[in-house]
Amino acid sequence: MGGVTLSGPPHHPPRLSDVAAQAQVSEATVSRVLNGRAGVAAGTRQRVLAALDVLGHERPVRLRRRSAGLVGLVIPELTNPIFPAFAQIIEQALAGHGYTPVLCTQMPGGATEDELVEQLEERGVTGIVFLSGLHADTRADPSRYARLTARGVPYVLINGYHPGIDAPFVSPDDGAAARMAVRHLAELGHERIGLAVGPVRYVPSRRKAEGFVAALGESFGLSRGQAERLVQHTLFSVEGGDAAAASLLDQGCTGIVCGSDLMALGAVRAARRRGLGVPGDLSVVGFDDSQLIAFTDPPLTTVRQPVHAMATAAVGALIEEIHDRDRGERDPVRRTEFVFQPELVVRGSTGPAPG
């Protein structure tokens, strides 16, 4: 199946310490679960079994159970570390509910989202989680999701809202993320701040741009037109961040807010190519706080996307959708957008405005 990965179990037995760390319980608790002893809460026991699944170890024969069904996870690609971060937590949460996750990755030249969905349906999936998919693209036809609903396949959508799609959505507050980044730079004395963000066709890009423009108006009294000239729409990549930063530096920006951590690394690269120091000459703020970002040079100030809370909520919403379908019910209250608050994490890539 194109773009689908199903990893087999390692051939060595699980180490109690590894399972305990993954499940966030003691080694003694792991031992009790693996040996089938009493005295462990059902939720804790399920966390230990889910940890075994996530680490790729087979459950002891007496603890195995029949899977509640396959659930597809459709994501854009794996090169941006925020997507594997979401995938790991979603897969762990699904395993905790007894479902078998199937990871479907869209790669350049590979299967499209529609083709992956078709392949998942052929395999009788119980539900699908979409992460940053076509639902986030304002130019894409949302009727593909209506057809999925008509065929009785429950699904949930992360990062990208469309009012014409009747399903649960889970998003970070992109506007708030941009506003808190601008306020942080303004408090450091920066008066010329730019935004490097992804293509305007994507909902998260639009929301970040709207929050940014509003923040420049609040902090500096800039008109909408003046603020919009400080927004550079480009690719969500290191190269995109590099190109956007070059343009914003030409406009005299001393602070740049970026739509992703990868874009922020590109902005740092653009500054250094000009002999500028970060944060001495240019302050850079990222978005996501994906793994390893704290270890870049300099460590990146970023707006943390609440990945764990969002992923857990998305799986919970999908499980409810599945239960509603099985009961022949519909809950319109849940078919809305759940918005999660991001958090500014200040590190070494931002500092006082130069001179």
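A few comments on the model shown:
- For the chain, the membrane-span-like helix rule (DSSP H, alpha carbon extent of at least 27 Å along the helix axis, mean Kyte-Doolittle at least -1.0) picks out 307-327; this says nothing about an actual membrane.
- Sequence of T336, T126 when ordered by accessible area, the most exposed leading, probe 1.4 angstrom: T336, T126
- Sites listed here are GluC sites (Glu not before Pro) in the range 31-118 whose DSSP assignment is loop and whose Cβ has at most 15 other Cβ atoms within 10 Å: E58, E77.
- Spin-label pair L292/S223, simplified geometry with 7 Å Cα→Cβ offset, distance in nm: 4.5 nm
- Modelled spin-label separation between S17 and E329, with each label point placed 7 Å from Cα along the Cα-to-Cβ direction: 4.7 nm.
- The fraction of accessible area contributed by carbon and sulfur in the chain is 53 percent, rounded to a whole number (1.4 Å probe; ligands and nucleic acids excluded).
- Sum of -39500 (n - 2.57) over DSSP H runs of 4+, divided by residues of the chain (222 nm, nearest 500): -13000 deg cm²/dmol
- Exposure of D297 as accessible area (Å², to 10), given a probe of 1.4 Å and all protein chains: 120 Å²
- Against the set (i) -0.28; (ii) -0.40; (iii) -0.35, the structure's computed log10 I(q)/I(0) by the Debye sum over Cα atoms at q = 0.07 Å⁻¹ falls on (iii).
- A full extension of the chain between E210 and E58 corresponds to an added length of 49.9 nm, given 0.36 nm per residue minus the alpha carbon distance.
- Rolling a 1.4 Å probe over the heavy atoms of the protein chains gives the chain an accessible area of 44 Å² per residue.
- Hypothetical label at R273: residues of the range 216-236 whose amide nitrogen lies under 20 Å (7 Å Cα-Cβ projection): 231-236
- Packing-based ranking, highest mean first, of 254-263, 226-235, 315-324 given that Cβ atoms within 10 Å are counted: 254-263, 315-324, 226-235
- Cα gyration tensor category, rounded, prolate or oblate, for the range 66-136 with a/c compared to 1.5: oblate
- Counting only heavy atoms of the protein chains and using a 1.4 Å probe, H162 has close to 40 Å² of accessible surface.
- Gyration tensor verdict on the range 158-274 (Cα atoms; rounded if a/c is under 1.5, prolate if a/b is larger than b/c, oblate otherwise): oblate
- Cβ-derived FRET efficiency at R0 35 Å, H97 paired with R147, nearest 0.05: 0.85
- Here's the picture: charge each Lys and Arg Cβ at +1 and each Asp and Glu Cβ at -1 in the chain, and of L134, C258, Y155 the one pushed furthest to the positive end of that dipole is Y155.
- Per-residue SASA remark: H97, around 100 Å² accessible (1.4 Å probe; ligands, DNA and RNA not included).
The values are calculated or read from the model by the stated rules, or taken from the named source; none is laboratory data. The shown structure was predicted, so the numbers you read here are calculated from the model rather than taken from an experiment. FYI the Cβ positions are ideal-geometry reconstructions off the backbone, even for glycines, and counts take in every protein chain you see. Note: areas computed on protein heavy atoms with side chains; ligands, DNA, RNA excluded. Shrake-Rupley method; radii C 1.70, N 1.55, O 1.52, S 1.80 Å.
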